[in-house]
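Notes follow the structure.
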Amino acid sequence: MGFRNGRRRVVLAVAVLLVAAAVAATAYRVLAPAEVSTVARGGYPAAAQPSPGVIGRLPVAPLIVDGRLRVYAAHRQVYADRPVDGRYRSTPFWSYRRWPAELVGVVASGTTVVSRWSDGRLVALDARDGRVAWRADGPVPTEEPVVRRTAATVVWSPPGLYLTRTGDGREVVVATGAGGTRGVDLAAGRELWRAAVDTGCRTDVGTTSTGQVVSVDRCAGPAAVEFRDAASGAVSGRWWPPGAGDDLVVTPVGCRSGRSGCAGLRTAEPGDAAGRGWLIGAGTPVAAPALDGLDSQLVGEQAVAIVDGVPVGRAARSGKELWRRPDLGSARVVAVQPGRVHLLTDVNDLVTLDAATGAERSRFSLTVGQDGTGYAPGAVYAADGYLAVERLRTPVDPDADDQGYFLGSEPLVLAAT
């Protein structure tokens, strides 16, 4: 009898151990760090050439890549769809997912898409098939984007993640965060440099079109604009704008995308509604009064702004007026891209002008189907001849939840210009 009881206890103990092992294995598979890469099964699409007009509406913000794909951000996933001029979001062309890290930023150049994650990891994907091109360690982000349902900040202007091109033509990914700043070769994923800087007394500005990383440094003395060489990571200069104090605010303008590859800056102090515009190059920033004013935009060599209610284009360096369009009525500049200036009228007509001449390239009502134009524009993105606009409910309540903030379940309208 005792033998049987002892054997039962042994069997029971073995069974408990087997169950515990199975639970542990399952928990490990579910909770362990992992990545899932689903590569493309079809061919890389050709670049589209849509006629000017509204293409369609989307539930989340697109990043236009290589003029061929739309790339999107989810909580723990970056993915692409095609065609770039598709009316609706379609089944993913490829996708990449990580666990348990969260996606905090995406930038792209050519056919390389770089994703940044909450653990600091940088993962580059080949846009042509979604395969992982390289992985690199970066600093853990200290500033995470404020993410609403469209995830616009993650793909259009991710904090702490930038691109720039050095003087020898090399493209560099720059990541800032806890412990400093790092530069990574975009093509190979090789770390080029790292700089141990105090993030508590520095504020990111972005990168320049001439291969510099820009920040506002308050660590030792009055606030200064610091320029760091993106090829080596060495500080190449510090600049104190006239009249700048410790509350100096610096905003990049004329950027290739987000806050990357910028050709100008605007400096301001609290209470300064206009700010002062500057062109940046290899030396000290050069004053550009045509860029003064919060609504002034820089596109190529032209500064574009609404002056006395009229869209005006001026030479950025000299301020000489190049064109004006008083016939457009009430309008405001919402975005620029190489060669194009995008304005929205008070009835939400999208007007696209040639940046150099002011000539009209296209004009149409920025609406889809029966949606109407009774919305306020939110975040705006322009690239490769496309423009995407978040549509917000009016009156705009920034404290509302996503349902009360955005117009409908597909609040983004995408247009070709």
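The values are calculated or read from the model by the stated rules, or taken from the named source; none is laboratory data. On a predicted model such as this, the values are computed, not experimentally measured, just so you know. Neighbour counts are summed over all protein chains in view; Cβ atoms, including those assigned to glycine, are modelled from backbone coordinates with ideal geometry. Surface accessibility is based on the protein's heavy atoms, side chains included, excluding ligands, DNA and RNA. Shrake-Rupley method; radii C 1.70, N 1.55, O 1.52, S 1.80 Å.
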Check your understanding: On full extension of the chain, what length is gained from ASP399 through VAL310, given 0.36 nm per residue of separation minus the C-alpha to C-alpha distance?
Key -> 28.8 nm
Study note, to complete from the structure: Per the C-alpha gyration tensor (a ≥ b ≥ c, the square roots of its eigenvalues), segment 188-312 is rounded if a/c is under 1.5, else prolate if a/b beats b/c, else oblate; here it's oblate
Exercise for review: Give the carbon-plus-sulfur fraction of the accessible surface of segment 326-410 in %, rounded to a whole number; probe 1.4 Å, heavy atoms of protein chains only.
Suggested key: 46 percent
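Let me know the shape class of segment 86-160, please: from the alpha-carbon gyration tensor, a ≥ b ≥ c as square roots of the eigenvalues, rounded when a/c is under 1.5, otherwise prolate if a/b is greater than b/c, or oblate. Each step should come with its number before you reach the end.
Numbers: a/c = 1.77, a/b = 1.19, b/c = 1.49.
In terms of gyration-tensor shape, oblate.
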**Study point:** Accessible surface, 1.4 Å probe, highest first, among residues ARG121, ARG149, ARG228
**Key:** ARG149, ARG121, ARG228
Revision key, fill the gap. Rounded to one decimal in nm, the spacing of the 7 Å Cα→Cβ label points at CYS219 and LEU294 is 3.1 nm
Revision key, fill the gap. Quick calc, segment 168-310, dipole around Cα centre from Cβ unit charges on Lys, Arg (+) and Asp, Glu (-), nearest 20 debye, gives 400 debye
Revision key, fill the gap. Once all protein chains are kept in place, THR153 shows an accessible area at probe 1.4 Å, nearest 10 Å², of 50 Å²
Point to revise | Most fluctuating residue given options ALA315, ALA196, ALA383, as computed from a GNM of the chain linking Cα atoms under 10 Å | key: ALA196
Point to revise | Of all accessible heavy-atom area on segment 157-288, the percent that carbon and sulfur account for (1.4 Å) | key: 51 percent
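Working with all protein chains in place, sort CYS201, CYS219 by solvent-accessible area computed with a 1.4 Å probe, largest first.
Largest accessible area first, the residues go CYS219, CYS201.
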Review point. Rank ARG116, ARG190 by accessible area, highest first, at a 1.4 Å probe radius?
Key: ARG190, ARG116
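Over segment 75-145, what percent of the accessible surface lies on carbon and sulfur atoms, probe 1.4 Å? Don't jump to the answer; show the numbers that get you there.
Numbers: 1170 of 2860 Å².
Roughly 41 percent of what the probe reaches on segment 75-145 is carbon or sulfur.
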Point to revise | Residue among GLY372, VAL36, TRP94 farthest towards the positive dipole end of the chain, charges placed on Cβ | key: VAL36
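Taking the Cβ-Cβ separation of SER37 and VAL147 as r and a Förster radius of 25 Å, what is the calculated FRET efficiency to the nearest 0.05?
Efficiency for this residue pair is about 0.65.
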Check your understanding: Taking the chain as a Gaussian network, where each spring joins two C-alpha atoms under 10 Å apart, which residue of GLY245, GLY206, GLY120 fluctuates the most?
Key -> GLY245
**Study point:** C-alpha long axis of helix 2-31 to longest principal axis of the chain, angle in °
**Key:** 10 degrees
Revision key, fill the gap. Note to self: with every protein chain in place and a 1.4 Å probe, the chain gives an accessible area per residue in Å² of 45 Å²
Exercise for review: Indicate the gyration tensor shape class of segment 306-347 (rounded, prolate or oblate), computed on the Cα atoms with a ≥ b ≥ c the square roots of the eigenvalues: a/c under 1.5 is rounded; otherwise a/b larger than b/c is prolate and the rest oblate.
Suggested key: oblate
Study note, to complete from the structure: Counting only backbone N atoms under 14 Å from a point 7 Å out along Cα-to-Cβ of ALA274, the residues of segment 283-299 in range are 288-296
Check your understanding: Modelled label-to-label distance, VAL286 and ARG238, 7 Å Cα→beta-carbon offset: nm?
Key -> 2.6 nm
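How large is the dipole of the chain about the Cα centre if only Lys and Arg carry +1 and Asp and Glu carry -1, each at its Cβ, rounded to the nearest 20 debye? Before the final figure, lay out each step's value.
Values: 46 positive and 42 negative charges, 405 e Å.
In debye, rounded to 20, the chain gives about 1940.
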Check your understanding: Just ALA46, ALA108, ALA335 to compare: in a GNM of the chain, with alpha carbon springs under 10 Å, which one fluctuates most?
Key -> ALA46
Revision key, fill the gap. Computed about the Cα centre, the charge dipole of segment 190-234 from +1 Lys/Arg and -1 Asp/Glu charges at the Cβ has a magnitude in debye, to the nearest 20, of 60 debye
Practice item. Note down the accessible area of LEU294, probe 1.4 Å, to the nearest 10 Å². Key: 120 Å²
Exercise for review: Report the one residue of LEU122, TYR405, ALA383 whose Cα lies farthest in the direction of the positive end of the charge dipole of the chain (charges on C-beta: Lys and Arg +1, Asp and Glu -1; origin at the Cα centre).
Suggested key: LEU122
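With the contact rule set at Cα under 8 Å and sequence spacing of 6 or more, what percent relative contact order holds for the chain? It would help to have the intermediate numbers written out before the result.
Numbers: 1014 pairs, mean separation 43.9, N = 417.
Once divided by the residue count of the chain, the mean separation gives 11 percent.
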Practice item. Could you pull the accessible area for HIS75 with a 1.4 Å probe, rounded to 10 Å²? Key: 110 Å²
Revision key, fill the gap. For semi-axes √(5λ) of the Cα gyration tensor in Å, with candidates [x] 43, 28, 20; [y] 35, 24, 20; [z] 57, 44, 19, the value calculated from the shown model is option [x]
